[in-house]
Amino acid sequence: MRGALSTGVTSADVGSPQLSTGRSLRGVFRFLSGLRGRLLLAFVAISIFVVVAAAAGLYAVGQVEQSLARTLRTVPVALDARELLRKSEKIIGIGPRLASATSTKEVEALSTRLRDELAETSEILARLRDTSLDLDPLNEIEEVMIQLNKNLDLMWVAWSDGSAASEQKSRALREAFTAYRQFGNLWEQKVYDLNAKLVRLQGVKASADAGPEEKRAAADEFDKIATSLLALEQIERQAGEAYELINRVATLSETAAEINNQGVQAQETARGIEERSSDIEQDIWVELSGTLHQLFGALAGSSSIFSSARRAIEADADIRSLIEQDEALAERLRAAVDQLVAASRREIASAEADAVRAQVLGRRVLLTVAALSLASSLLIVWLYVGRNIVARLTKLSGGLTAIAGGRRDVIVDTRGADEVSAMGQAIEVLRQHEIERDVLLIERAETAQRLEQLVDARTRELNQTVATLKETSEVIASSIQYASRIQRSILPEANLIDSTLSDYFILWEPRDVVSGDVYWLIRWGRGLLIVVGDCTGHGVPGAFVTLIANSALERGLLDVSPGAVGQLISRMNQLIKITLKQTERGEGSDDGMDLGMCYLDDGQKQLTYAGAGISLFHGAPGENLEEIRGGKRGIGYRRVPFDQTYSETAFPVVPGMRFFMTSDGLIDQIGGERRRAFGLSRLLSLLDRYQNQPMTEQKSLVMNALSEYQGEEMRRDDVLVFGFRLHDSPAAKEIFFD
């Protein structure tokens, strides 16, 4: 058809206006006959109704907007009025809280809050004056707020005076209590002394050896002392009455008149004490008068407890009067605010009525336009969308569902030139692709089956390898456990240690099953040799080095005279270097150990120490531990000379002296919040703090401290700490040196 049309157009017709217009019309017709064109027409029709509905809505919104504008002008006024009432109630409420405040800090906080509330209240009043409200309520509110501010200032002054009076009253009470207690102690002593004199004079009067003159003098002295005792009894009773009056005024709430009456009674009591001072010996009165005058200081004067109590009562009365005035002002303030709120409500009600009328009109217009839009939409959907588009799409959907379900013989309708036809062509292409995919899936299934067979074969091989590795691991674990038993066999037996040291602890914790840290306790000559060693590494390598070190120690004990610990370390260094072939240049392992040795002589009077990288810490009873550093070089290692010497340190031993040697495993353990090393200072501080505890208790304390500090961190190295305390026990010496 297109070919026939093309042949019917001559070259003369190409540029004619009629032909161009015809082409444009045909293009428009083809567009409108397509799916997009038809839907566009439906969209335009519905849009017209939307425009009409929008115009009606804009009209209604305009009317509502005018009403809202009136409401918006009125609502802030009502809100400000309510906020003004709320803040005024807060300001009034601060008064009683200020009156019951117990500290200057609390009063300052309330004063700061009061100033803030007053500043905000002034801002609200300023905003309300800019409106068209009646000024009479505003003037009333402002006048009330000014008076409230004055009353609160007066309340602050009254509280400050009452607080100062309460502090003065408490101070006077403390001074009176101290003076009364001191007076009582002196009075008891003097009464005791006078009674002793009476007993002595009574003995003189009754003695047959005393002459008449001596008996008369004793009788006169007896009468004077009896008079003094009677006066002292009366003074003590009156001082107690005075103190009771002071204590009553300080602890009870009474009126000013009652306080005045009690003050007069207290002063009369003080005068009565002064009058009876002449009946007491002068030296006794001089000692008692100092404390009594301190007690009288709380009875009279501007700083007396009675004056302070009167000031506190007067301040409390002023505060209560101001609170009553604030309550009356609050009623005036509520009445003025209610007038403002009532005016705002009337204005809001009028604006709401206008808004309701505009809403009713807009609702009617919108309902009419919505009904027309709904009717036209139903017609468009039923006449075009339902009968043409939906039916064809339903067929295409059914075909697509069948293809997805596995059917490949579905016939897809691809006729037409609109978008739905294009969708049909796309579904047909999809059907062809699905046919090709089915072929590929069959090939992939065959490949997967071959791969599964290969995986099964490899799995069987892997299971066999795992079984072999498990068997090997069990053999290795059994060997390490046996090595642990061998290593423990070279350690000193517990009964040997218990028979030689009465107070000791050994904290030995291998990081793995076997350890690179080792210790010995050996009888050497007539003395005792204690050795602590830290070999290279840990686990199995470290354990091998401990066995080499044990052999070197046994040989060294035969080659060196008892007590020469420095020579013994030098000999062990040579033997280890020979064993590890470290004497030849460039050959042998670079292994070795740090060592610390202590030799205690047969009388427990002197201890000789030598070290190769491990220090000795010692301390007398009641003193902190002190460190004796050994040589910086260990034994073994290629860098240590074959003829390396190690110095000795000998010092006397006193009963109760403590000794400790430790490897670096505990000291270098990482832990704590900052992930730092445990540290030597932490260990020494712990041992000094609990030095009076038995060594077994100190071991538990060290273990708990290490565990708590380590937390979730991994153990880095083997741990060894050897500690002992020497007691001057003859029985222990016999067992030890037998």
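Sorting check: for 614-621, 485-492, which peptide has the highest mean count of neighbouring beta carbons within 10 Å, and how do the rest follow?
614-621, 485-492
Could you work out how far apart the two model spin labels at Glu324 and Leu374 are, taking each label as a point 7 Å from the Cα in the direction of the beta carbon, and quote it in nm?
In this crude label model, Glu324 to Leu374 measures out at 7.2 nm.
How far is the Cα center of the range 184-240 from the Cα center of the range 265-341, in Å?
Centre-to-centre distance over Cα atoms comes out at 41 Å.
Lys/Arg Cβ at +1, Asp/Glu Cβ at -1, dipole of the chain taken about the Cα centre: which of Phe660, Leu440, Thr468 is farthest positive-ward?
Positive-most Cα among the choices belongs to Leu440.
Using a ≥ b ≥ c from the Cα gyration tensor of the range 493-737 (square roots of the eigenvalues), is it rounded, prolate or oblate, where a/c under 1.5 gives rounded and otherwise the larger of a/b and b/c decides, a/b for prolate?
The shape class here is oblate.
Of the options Tyr482, Leu529, Gly57, report the single residue whose Cα projects farthest towards the positive end of the charge dipole of the chain (beta-carbon charges: Lys, Arg +1; Asp, Glu -1).
Value: Gly57.
Label the chain by shape, choosing from rounded, prolate and oblate, from the square roots a ≥ b ≥ c of the eigenvalues of the Cα gyration tensor; if a/c is under 1.5 it is rounded, and otherwise prolate applies when a/b is larger than b/c, oblate when it is not.
It is oblate, given that a/c is not under 1.5 and a/b is not larger than b/c.
Return the lysines within reach of Lys87: Cα separation strictly under 28 angstrom, same-chain partners fewer than 8 residues apart disregarded; answer none if there are no such residues.
Qualifying lysines at Cα under 28 Å: Lys105, Lys150.
Please work out the FRET efficiency for the pair Glu214 and Ala257, using the Cβ-Cβ distance as r and a Förster radius of 45 Å; give the result to the nearest 0.05.
That gives a FRET efficiency of 0.15.
Straight distance only, please: which lysines reach the Cα of Lys224 with their own Cα at less than 22 Å, same-chain residues fewer than 8 apart left out?
Lys190, Lys197, Lys205, Lys215
What full-extension length gain, to one decimal in nm, is calculated for Asp193 and Arg444 as 0.36 nm per residue of separation minus the Cα-Cα distance?
Contour length minus the Cα-Cα distance gives 78.3 nm.
Taking a quarter of the surface of the convex hull around the Cα atoms of the range 611-717, what do you get in nm²?
Convex hull of Cα atoms, orientation-averaged projection: 8.5 nm².
As a test of the formula, what do you get for the chain when each DSSP H run with n ≥ 4 contributes -39,500 (n - 2.57) and the sum is divided by the residue count, at 222 nm and rounded to the nearest 500 deg cm²/dmol?
Value at 222 nm, helices only, nearest 500: -24500 deg cm²/dmol.
By the scheme Lys and Arg +1, Asp and Glu -1, what is the net charge of all other residues having a beta-carbon under 14 Å from that of His618?
So the surrounding residues net to -1.
Cα-Cα over 30 Å: which of Lys581/Lys699; Lys632/Lys699; Lys605/Lys699?
In this structure, Lys581/Lys699 lie more than 30 Å apart at Cα.
Every number in this text was worked out from the coordinates using simple rules, so none of it is lab data. Values in this document were obtained by computation on a predicted structure and should not be read as measured data. Positions of Cβ are generated from backbone atoms using ideal geometry, with glycine treated the same way; all protein chains shown enter the neighbour counts.
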